[in-house]
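For reference, the structure is listed below as structure tokens.
The values are calculated or read from the model by the stated rules, or taken from the named source; none is laboratory data. Predicted model only: the values in this text are computed from it and were never measured. Please note: Cβ atoms are built from the backbone with ideal geometry, for glycine as well, and neighbour counts cover all protein chains shown. For accessibility, only protein heavy atoms count, side chains too; no ligands or nucleic acids. Shrake-Rupley method; radii C 1.70, N 1.55, O 1.52, S 1.80 Å.
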Amino acid sequence: MSLSSELSRRSGSPLEPPPEDSRPSTIHPRRQQPRKYGTPLDWIRNLGSGIVSDIQSRAPFYLSDWTDAWNYRVVPATALIFFANVLPGIAFSLDLIETTNQYGVSEVLISSFMAAFIFSCFGAQPLTIAGVTGPITVFNKTIFTITQSHPDKPNYLQFVGWVYLWAAVLHWITAILNFCNLLRFVTVFACDTFGFYVAWVYLQYGVQVLTRQLDANAQNTPGPLVSIILALLMLITSVLFQYLSGQSFFHRHTRRFLADYGMPISLIASSGMAYWGRFNVANASTLPVAGAFQAAGGRDWLVKFWELDGKWVGIAFPFGLVLWILFFFDHNVSSLMAQGSEFPLKKPPGFHWDFFLLGITTFIAGLIGVPAPNGLIPQAPIHTTSLLIMKRSKPQKDEEEREKALGFTPDFTERPVAVVEQRVSNLAQGALCLVLLTGPFLHVLNLIPRGVLAGLFWFMGADALRGNGITQKLLYFLRDKHLTPVDEPLRQVRKSRILLFVGIQLVGFGATFAITQTIAAIGFPVVTMLLIPLRLLVVPRLPFTAEELAILDGPVASPFTMESVGGSLT
């Protein structure tokens, strides 16, 4: 099974939650709709009720969250998400590291460990993977560009510390005021658009990793050329493993092994190729590392942000506001996607409490001078996918008849029946970040060529793009009509309306992607957040029927998951 085979079911078709008997019905002690307040006193009494409700609903499962980890699926999930989280996080930060000289690989690893430890041990949604993302590196780099060009420039890390503190306070206020209930208005429209943007960011960063090497070396030197070869090798072998995992070759256990370990094997093998024969002579560029547990430039880990001049404290607030907008959308969307309707989850979520915890990690990040972690796309849904328990079952009657009509022999297929919902895989991949900070493993990390990371970016970006709803809708137009299933929901939608819906999403993607290429890149979270009112206020006024919108769009997660925020938008 490919990493995105289950996620691709989000391709614009109606969401199909698992059977109701697979989940508790009233396990979350929260009303289905947000409470309407009659008096200010009712409003005051309800402060923090979302946090309390999240803790009360998840607490009975805390022990089982650890004991349920006694399952083999935890092993490949840990390996997969470790490589998919840490290495892209370091690669994303390379430009920030080289531009500011205020961060290093140690800061990225410490940030990843902190997020994994806090969310795995204390979070209500331990399946959500948090770490260093491309948007936060763009955000921090833009802050450096703006503030350090000022004649009376502030201390960069102290200024960022105040930005993070302001953002953390807004996180806590948001959670206490139950503003996470606004997530009920987030649909597949916004998630697919933002996921499409993130996929292209991965592809772009893969290219940038290589172009920076070309710019830093003389023309026709072998190092950058070898990096390009290694990037293509990493991409091709990963795609090959993924392709074989979804075919009829080999035993099903072998196919699952290829799906679980194909990417890590490709990364290790491609890195090894850099030290074979003439490739070794080329001396391809590798990851930069410093001393074990040493901060960039030998500075102290504690950032004394309280020593910043008063005027810069006020200037930091609007930056903190933008960061809050980014994390409110980015982290919560990644949590929604990690708990999507295609996953047969049984344990309750908790968006309010987790967003409060995100404020704590943001504050700590500013205090010790590391990039602030938040929810990762596409790593979070990939993590849940890797924890799926598959069961062989006979195809449905209509599927069997369709296969016979096409000349195929009906066979038993694998379908997801459960998810290993536990905390160990997230904690383990975070603990491995600390292991990497030791001297011997830092040396191993230093051996990984940057070209291999470029190939990893391309693979993850292409995989996320392939499973994205926008891509699936566009591919619908390329399918042979006779080979398109008769029960394909998009058949019930006029093609002109599919194109209109996708066109609106592409405009939103284009606006977000374009602004990140300018000096105004710091404002891209605002553009992303506007996707929600665009869907609520503008799209329904366009010439769509209610039935067409129900097929083209829908809730991201099941009603069971959305109980935490008062239900889904109907």
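Annotations
- Distance histogram for segment 507-570 (every C-alpha pair counted, 5 angstrom bins, percent rounded to whole numbers): 4, 14, 18, 17, 18, 15, 10, 4, 0
- Above 16 Å, the calculated P(r) of segment 275-347 contains 77 percent of its Cα-Cα pairs.
- When the alpha carbon coordinates of segment 67-134 are projected onto the principal axes, the ranges are 44, 23, 17 Å, largest first.
- Using every pair of separate Cα atoms, the Kirkwood estimate puts the hydrodynamic radius of the chain at 24.6 angstrom.
- Surface accessible to a 1.4 Å probe, residue 415 within the full protein complex, Å²: 60
- The antiparallel fraction among DSSP beta bridges confined to the chain stands at about 100%.
- Inter-centroid distance (Cα atoms) of segment 181-236 relative to segment 262-276, Å: 19
- Solvent exposure ordering (accessible area, 1.4 Å, most first) of 315, 44, 532: 44, 315, 532
- Here the Karplus relation 6.51 cos²θ - 1.76 cosθ + 1.60, evaluated at θ = phi - 60°, turns the backbone of segment 449-455 into coupling constants of x, 5, x, 5, 5, 4, x Hz, with x for every Gly and Pro.
- Working ranking of peptides 359-366, 145-152 by packing, defined as the average number of other Cβ atoms within 10 Å per residue, highest first, is 359-366, 145-152.
- Judged by the mean number of other Cβ atoms found within 10 Å, the most tightly packed of the peptides 131-143, 99-111, 232-244, 290-302 leads the ranking 131-143, 99-111, 232-244, 290-302.
- Equivalent-ellipsoid semi-axes for segment 447-533 (Cα gyration tensor, √(5λ), whole Å, largest first): 30, 22, 9.
- Annotation: per residue accessible area for the chain equals 41 Å², rounded to a whole number [probe 1.4 Å, protein chains only].
- Computed E for residue 185/residue 475 - FRET, C-beta separation, R0 35 angstrom, nearest 0.05: 0.80
- Cleavage-rule hits (chymotrypsin sites (Phe, Trp or Tyr not before Pro)) in segment 46-99: DSSP loop, at most 14 neighbouring Cβ within 10 angstrom: 70, 72
- Converting phi to 3J(HN,Hα) with the Karplus coefficients 6.51, -1.76 and 1.60 and the offset θ = phi - 60°, segment 486-496 yields 5, 9, 4, x, 5, 4, 8, 10, 4, 4, 5 Hz in sequence order, with x at every glycine or proline.
- Amide H contacts under 5 Å for residue 287, placed H, 5+ residues apart: 448, 450
- Average 1/r across all pairs of distinct alpha carbons in segment 290-388, invert it, and you get the Kirkwood radius: 16.1 Å.
- Gap separating the Cα centres of segment 518-558 and segment 282-344, nearest whole Å: 27
- Largest to smallest accessible area among 98, 414 [probe 1.4 Å]: 98, 414
- Rolling a 1.4 Å probe over the protein heavy atoms leaves residue 515 with an accessible area of roughly 40 Å².
- Taken one residue at a time, the phi angles of segment 243-248 give Karplus couplings (6.51, -1.76, 1.60, θ = phi - 60°) of 5, 5, 5, x, 9, 8 Hz. Gly and Pro are set to x.
- If you sort 171, 482, 443 by accessible surface, 1.4 Å probe, largest first, the order is 482, 443, 171.
- With bins 5 Å wide beginning at 0, the percent of Cα pairs of segment 41-99 falling in each bin runs 4, 13, 11, 11, 11, 12, 13, 12, 10, 5, 1.
- Only protein atoms count toward the accessible area here, which uses a 1.4 Å probe; on segment 454-539, the carbon and sulfur part of that area reaches 71 percent.
- Coarse-grained scattering of segment 214-259 at q = 0.19, 0.20 Å⁻¹, given as base-10 log I(q)/I(0) from a Debye sum over alpha-carbon atoms: -0.62, -0.65
- Anisotropy class of segment 152-243 from Cα gyration tensor, a/c 1.5 cut: oblate
- Overall Cα dimensions of segment 211-307 - principal axes, largest extent first, Å: 63, 41, 21
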